[in-house]
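Structure first, then comments.
The values are calculated or read from the model by the stated rules, or taken from the named source; none is laboratory data. The structure displayed is predicted, hence computed values, not measured ones. When we count neighbours, we look across all protein chains shown, and the Cβ atoms used for this are built from the backbone with ideal geometry, even at glycine. Remember, those area values only see protein heavy atoms, side chains included, never the ligands or the DNA or RNA. Shrake-Rupley method; radii C 1.70, N 1.55, O 1.52, S 1.80 Å.
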Amino acid sequence: MLEPQYEFELDGAVEKIRESIQTEDMEKFRSDFLDYHVYDQAQIYLALSPEERITMYHYLSANEMADMFEIIEEDVESIEAYLLEMNNQYAADMLANMYADNAVDMLKQLKDERIWLYLRLMPLEAAKDIRALLNYKDETAGAIMTPEFVSIVANQTVRSAMAILKSKAPDAETIYYIYVVNVDNVLVGVISLRDLIVNDEDMMIGDIMSERIVSVNVNEGQEEVAHKIRDYDFLAVPVVDENNVLLGIITVDDIIDVIDEEAVSDFSGLAGVDVEEQSENPFVAASKRLPWLITLLFLGMGTSTLISQYEGLIADASILSVFVTLITGTSGNAGTQSLAVAVRKIGMQDEEEKNLFRTILSELATGLLSGFVTGVTIALVIGVWKHNFILGGIIGISMLVAITVANLAGSLIPVLMDRLGFDPAVASGPFISTFSDLTSVLIYFNIAQHFIAMLL
């Protein structure tokens, strides 16, 4: 007989939990709440009022709350308000029961005095692990690694290794890879859980372990770590120091978070707005977007000022004004495409593979080809439409040059920003579009000036 599928309906679940809280029925609350999947528990928790959540803290142990609370961080803008609802000791115990890397992510959102308050209230061992991770620079392997892993030595049998694994498994973040170290904790090999299971119990670990170890340095950037895990299809990767001493591991779930953060950062830069903006208040949303819009407004005024310098030319050949937006819009689109490709290449390549001239030349050639085809097409269309192939030629040549320049700018700016140590995504789509407007107008009217006598 098939088991019924697990189904979750948030409103109904919240109503059921809320009722048990209001009737102060702790037994029913625990029975119902703990029966839900941990992700669904988190959604219920967030749907409750602060007063209802305070009651929850009396009904659930810090350890039970820890499993659920690790998920909440991904769904809220700030974790601080939720921690402040709790008794300080309860919050500290809850953080201590989390995986150290997740606890560190939450603590970094708090003020220093509250971080040290929680650390003082934690058990010494948990506080030591968390304090060590807090010292690593943000966005490095050390900052996202976890010290909860299983390690063994080479001169022991599979039987004894399995005993160690069973004892450490409840606290380890993953047990799919077991790392082999020497007496100095230097990483010398790795063995998978599958290898432990399929080999004879009397086999020595040193005989079946793999010595071909892919590891990352503790100071390596998190993007490089993400690329390595992606390239090798690992579930986890060991983190070592300069002496190859094993410090921790980074699991694939942490890398998924890194990839998500980088994607959000790139999208935010390309759009010129925080894409994770969660406020539904239009005044709050507008206040966050207005500074960038006002900046672009003043940059856009440069284009208007530039056009005003060609009033005489427009007066002599008013037909030119009809096609200004056609050229600026198309070049802006081309520049944004080039920008997106350049940012993607920068993000996906290893440091030694980033080639400034290769990227620029590639986009320059793409711009020339795209500009030529687009220019010829629009020249023929306008020539036939307006019965004036001189005008078509002006528009076509302007389109060719404008798209080429936009492509060059779209690739050059983010590459240069990356070389200077800035986030290349800051060279956002709106900025490139505004820059392309300015250069396109300059190109268009200067080319038109050279052919004005033929046009009239």
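Computed packing ranks the peptides 96-107, 306-317, 175-186 as 96-107, 175-186, 306-317, most packed first, by mean other Cβ atoms within 10 Å.
Regarding region 59-107, what whole-number volume in Å³ per residue does the convex hull of its Cα atoms give?
72 Å³
The alpha carbon radius of gyration of the chain, expressed as a multiple of 2.2 N^0.38 Å, is 1.33.
Computed from the Kirkwood radius of its Cα pairs, the Stokes-Einstein diffusion coefficient for region 80-209 at 37 °C and 0.692 mPa s stands at 199 µm²/s. Projecting the Cα atoms of Met417, Ser49, Thr23 onto the dipole axis of the chain, where Lys and Arg carry +1 and Asp and Glu carry -1 at the beta carbon, places Met417 farthest toward the positive end.
Along the chain, the longest continuous region that contains none of the trypsin sites (Lys or Arg not before Pro) in a DSSP loop with at most 16 other C-beta atoms within 10 Å is 213-353.
Relative to the longest principal axis of the Cα atoms of the chain, helix 389-419 runs at roughly 30 degrees. At 1.4 Å probe size, with the rest of the protein present, what percent of the exposed accessible area of the chain is carbon and sulfur atoms? After summing per-atom areas, the C and S share lands at 57 percent.
Taking only protein heavy atoms and a 1.4 Å probe, what accessible area per residue, in Å², does the chain have with all protein chains in place?
Numbers: 24110 Å² over 456 residues.
That works out to 53 Å² for each residue.
Pull out the extension gain between Ala132 and Arg114, defined as 0.36 nm times the separation in residues minus the alpha carbon to alpha carbon distance; nm, one decimal.
Details: separation 18, 0.36 × 18 = 6.48 nm, distance 1.69 nm.
Full extension of this stretch gives 4.8 nm more.
Measuring how big region 151-251 is from its alpha-carbon positions, Rg and Dmax come out at 13.4, 41 Å.
The angle separating the long axis of helix 50-59 from the principal Cα axis of greatest extent in the chain is about 30 degrees. Across region 179-192, coupling constants 3J(HN,Hα) worked out from phi with the 6.51/-1.76/1.60 Karplus curve, θ = phi - 60°, read 9, 9, 10, 9, 5, 9, 6, 7, 6, 10, x, 9, 9, 8 Hz, and Gly and Pro carry x. Placing dummy labels 7 Å off each Cα toward the beta-carbon, the span from Ser210 to Ile164 is 1.9 nm. Using a Förster distance of 30 angstrom, determine the FRET efficiency expected from the C-beta separation of Ser308 and Asn388, and round it to 0.05. My answer for the efficiency is 0.75. With the whole protein complex present, Val252 retains an accessible surface near 50 Å², based on a 1.4 Å probe. Between helix 38-47 and the chain there is an angle of about 70 degrees, using the helix long axis and the longest principal axis of the Cα atoms. Placing dummy labels 7 Å off each Cα toward the beta-carbon, the span from Tyr39 to Phe372 is 5.1 nm. In a DSSP loop and with at most 15 other Cβ atoms within 10 Å, the chymotrypsin sites (Phe, Trp or Tyr not before Pro) in region 1-72 are Tyr6, Phe8.
Segment Gln22..Leu438, full-extension length gain: 143.4 nm, with 0.36 nm per residue of separation and the alpha-carbon distance subtracted. With each label modelled as a point 7 angstrom along the Cα→C-beta vector, the Asp316-Asp260 pair spans 6.0 nm.
The C-alpha atoms of region 1-115 occupy a region whose extents along the principal axes are 53, 33, 22 Å, arranged from largest to smallest. The slack in the chain from Arg30 to Leu326, taken as 0.36 nm per residue of separation less the alpha-carbon distance, amounts to 100.1 nm.
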